1. Name the pairs whose Cβ atoms lie under 6 Å apart, with the first residue in the range 456-468 and closer than 19 Å to residue 515 by Cα, the second part of a loop (DSSP other than H, G, I, E, B), and 6 or more positions between them or separate chains?
2. For residue 451, are the conditions met, namely being at pLDDT below 75 and either buried (at least 22 other Cβ atoms within 10 Å of the Cβ) or part of a loop (DSSP other than H, G, I, E, B) (or both)?
3. Among the residues of the range 463-505, write down those that are within 25 Å of residue 548 (Cβ to Cβ) and either among the basic types (Lys, Arg) or over 23 Å from the mean Cα position of the chain (by Cα) (or both).
4. Sort out which residues of the range 235-255 are surrounded by fewer than 19 Cβ atoms within 10 Å (Cβ to Cβ) and more than 21 Å from residue 329 (Cβ to Cβ), and write them in order of number.
5. Within the range 253-271, restricting attention to residues that are among the hydrophobic types (A, V, I, L, M, F, W, C) and in a loop (DSSP other than H, G, I, E, B), which residue is modelled with the highest pLDDT?
6. Return the only residue of 582, 572, 594 being more than 21 Å from residue 492 (Cα to Cα), basic (Lys, Arg) and either in contact with a strand residue (DSSP E or B) (Cβ under 8 Å, 6 or more places away or on another chain) or modelled with pLDDT of 75 or more (or both).
7. Quick check on residue 332: is it buried (at least 24 other Cβ atoms within 10 Å of the Cβ), in contact with a strand residue (DSSP E or B) (Cβ under 9 Å, 6 or more places away or on another chain), assigned to a helix (DSSP H, G or I) and of a type in the set (A, V, I, L, M)?
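The values are calculated or read from the model by the stated rules, or taken from the named source; none is laboratory data. None of the values given here were measured: they were computed from a predicted structure. FYI the Cβ positions are ideal-geometry reconstructions off the backbone, even for glycines, and counts take in every protein chain you see.
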Amino acid sequence: MDHNPKSTSEEREKPMVEEEVPHAKPRGEVMPKKQTLKYKAIASQAVGDSRQHVQGALTEEKDEHDSSNGPEPIYPDYTAILPRFHYSSVTQNKQVVQVQGTLCQDCAQIDIDTLLKRPHKTIAGQTVKKELGPAQTLKAKSCPLCHLVYSSLGPHYQKYSGLIPLRTFSSTRMRDKTWSSIDTNLMQAHFTCKYIVSQPEGRNGPIRIIREHIQDYDLFKNWINLCQTYHTKVCGVKSSELVPLQRLIDCETRTIIPASNHPYVALSYVWGLGDEIHRFSETLPLNLPNTIEDTISVTLKLGYRYLWIDRYCINQQSAEDKDAQFPVMDVIYQNAEVTIIAAAGGDPSYGLPGVGIRKRGEHAKTMCSKVGKHFLITTEGVYPPLSVSSSKWKTRAWTYQEAILSRRRLVFAQEGVYFECYGMHCSESHNFPLLDMHREDMQGFRHTFCQEQQVGMFPRGAGTSKLAILHRIGEYSKLELTRPEDILKGISGILNNFQRRPHGPRHYAGIPILPRGPRKTESEVPEWTPSMGFLLSLLWNLKRPSERRTGRDGTEFPSWSWTGWYGSVEWKEAVNWLPSFKFDPDVRLNVELKDGRALNLEEYQNLDSEDSRQAQSQPSTFIRISTWTLK
């Protein structure tokens with residue numbers, strides 16, 4: 001699925017009209033039999049991430065419109081990998097802000113009981129109140145429902161002067177398909193990305209309440225175990241490439257050891273500015289930054305012993321160490337069982353929210369109101385935490401490839417914890433039956449729940465299309481580097497990930513040697529040479545005027561490569577020309593190596609791995625092109 005939070009959010013913000021809209025079957029999808037999961041929360045509810053465990057919280061009931069009596073579905077035995085655990089009453093949680101008071105005259109006329117029980121057959125649902133009032137009026141009232149509606153509005157629309165309508169609809173009819181995994185009614189104010197859901201007071205329901213500190217890590221272990229058990233084709237493939245000089249942190253002894261074949265966790269975080277390089281040691285320092293200390297704690301609580309952190313596992317004072325390991329960053333992160341992403345704070349002193357000294361803040365708080373017998377809670381759709389998009393971590397060039405190349409990511413944000421692999425995405429704040437949301441082959445969510453291929457906020461690896469490498473470079477070029485001379489090192493893992501594939505594109509000075517794209521007609525040029533692929537990649541352009549990049553250590557980058565300039569780049573011409581690109585056979589192109597040798601692209605592609613690695617990490621600033629010219 002290409003679960004684009006932005007596009008989905010925009011879709012929800014469009015005004016809804018009351019009209020009968022047939023619930024169309026997605027094209028090409030085999031619809032399951034009508035067997036609806038009715039939500040019945042109980043005090044000892046298990047985590048909703050498995051069919052086996054949700055039986056304590058979910059009972060199967062025949063749809064009232066279905067006259068068939070089909071056999072009971074056979075659920076896989078999932079108890080071995082998903083232990084039961086419990087959440088305490090939401091009303092006892094400091095992170096829950098409960099609004100108390102008497103309903104205003106308008107809200108007192110709303111029949112909440114009927115609205116939340118009645119099934120809605122259309123996407124639009126039913127308008128509860130067309131004119132609940134302007135946002136600031138709702139805020140000023142002491143009415144708990146008005147306060148709840150106001151809190152569900154985004155910051156921009158809390159200033160909206162128009163009248164706010166309120167509507168209710170069935171989760172099974174929603175465009176936000178993740179909610180259709182349970183059968184419940186929701187309310188939503190106009191212009192908002194949040195929903196209002198009824199949750200049994202003092203008991204569990206579809207919403208998990210985020211605590212200031214994480215008290216139970218079984219939920220995160222469940223996500224990882226589900227992926228490891230079922231996503232064997234999409235998430236189970238590791239690289240067979242060896243990592244020279246690889247070391248790991250033994251979290252129990254706090255020593256640095258040779259990697260061997262130990263399963264390990266990796267960390268992606270922001271180094272911060274002005275952070276000194278410590279002398280390499282086989283023992284961790286006594287005083288560690290909060291993010292490092294918290295990551296060690298999480299690693300052990302997830303059931304792992306070994307951890308990879310670049311700061312301690314690579315000798316930062318050894319050029320040999322760095323030259324050997326930077327090109328295999330793809331292997332290091334791809335082979336990690338899970339990558340912990342520290343998406344909060346701007347340096348390692350911040351910590352992982354909810355783990356150590358750093359509490360989850362205001363963003364993690366849940367608004368609720370008691371209306372009649374209903375305990376109403378505001379919640380967002382199952383999307384990546386909003387703070388990640390604006391985080392320092394998201395702006396850094398080094399962390400880009402760390403996230404792209406990881407098979408599983410456990411993101412610690414200020415609002416809570418978010419998990420994403422190649423097959424699914426899930427949030428700490430939502431208690432949905434993830435197995436029920438999977439396709440029959442169990443390799444990922446059904447298209448019912450993810451309307452496109454990509455899931456969540458990360459692409460599925462570096463990409464598989466012939467032009468994916470250009471898209472990755474374009475995204476990377478927007479990001480920040482502390483040291484300009486690291487421009488190639490920061491993306492070397494992605495570039496080498498493409499190169500390791502059969503017939504994968506090599507690069508020279510960051511310029512990919514593209515393979516041939518699909519031909520539109522048989523009359524197009526059948527021959528394709530490395531020189532053609534290289535020349536096509538030279539058709540990059542800067543999105544805005546820029547300055548030349550020179551490393552602080554004196555490193556020079558060629559002007560003909562995107563690495564030689566600051567700023568975002570794109571390949572519009574290359575994308576358009578690839579299917580029909582023609583090349584004059586009289587043009588001869590050679591790349592020049594540091595030792596003075598000049599090689600044509602065919603010779604360059606056939607270099608052994610050591611010569612190729614050296615040529616890529618230390619390219620010359622010159623290329624030689626011989627062709628006819630006009631006087």
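1. If the second residue must be part of a loop (DSSP other than H, G, I, E, B), the pairs left are 466/515; 466/517.
2. Values: at pLDDT below 75: yes; either buried (at least 22 other Cβ atoms within 10 Å of the Cβ) or part of a loop (DSSP other than H, G, I, E, B) (or both): yes.
The answer is yes for residue 451.
3. Start the filter on the range 463-505 by keeping residues that are within 25 Å of residue 548 (Cβ to Cβ), which leaves 469-492, 494-495.
Once the filter is applied, which keeps residues that are within 25 Å of residue 548 (Cβ to Cβ) and either among the basic types (Lys, Arg) or over 23 Å from the mean Cα position of the chain (by Cα) (or both), the range 463-505 yields 472, 478, 482, 483, 484, 485, 486, 487, 488, 489.
4. 250, 252, 253, 254, 255
5. Of the residues in the range 253-271, the ones among the hydrophobic types (A, V, I, L, M, F, W, C) are 256-257, 259, 265-267, 270-271.
From what's left, in a loop (DSSP other than H, G, I, E, B): 259, 270-271.
Working: 259: 90, 270: 95, 271: 89.
For the range 253-271, the residue satisfying everything is 270.
6. Details: 582 fails: either in contact with a strand residue (DSSP E or B) (Cβ under 8 Å, 6 or more places away or on another chain) or modelled with pLDDT of 75 or more (or both); 594 fails: more than 21 Å from residue 492 (Cα to Cα).
Step by step, each of 582, 572, 594 is checked, and only 572 is more than 21 Å from residue 492 (Cα to Cα), basic (Lys, Arg) and either in contact with a strand residue (DSSP E or B) (Cβ under 8 Å, 6 or more places away or on another chain) or modelled with pLDDT of 75 or more (or both).
7. On the way: buried (at least 24 other Cβ atoms within 10 Å of the Cβ): yes; in contact with a strand residue (DSSP E or B) (Cβ under 9 Å, 6 or more places away or on another chain): yes; assigned to a helix (DSSP H, G or I): yes; of a type in the set (A, V, I, L, M): yes.
When the stated conditions are applied, residue 332 passes them.
Listed here are the residues, each with its yes/no results for (1) surrounded by fewer than 22 Cβ atoms within 10 Å (Cβ to Cβ); (2) farther than 25 Å from residue 212 by Cα; (3) not assigned by TED's automatic domain parsing to the domain that holds residue 139.
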| site | (1), (2), (3) |
| --- | --- |
| 278 | yes, yes, yes |
| 282 | yes, yes, yes |
| 287 | yes, no, yes |
| 294 | no, no, yes |
| 302 | yes, no, yes |
| 313 | no, yes, yes |
| 351 | no, no, yes |
| 354 | no, no, yes |
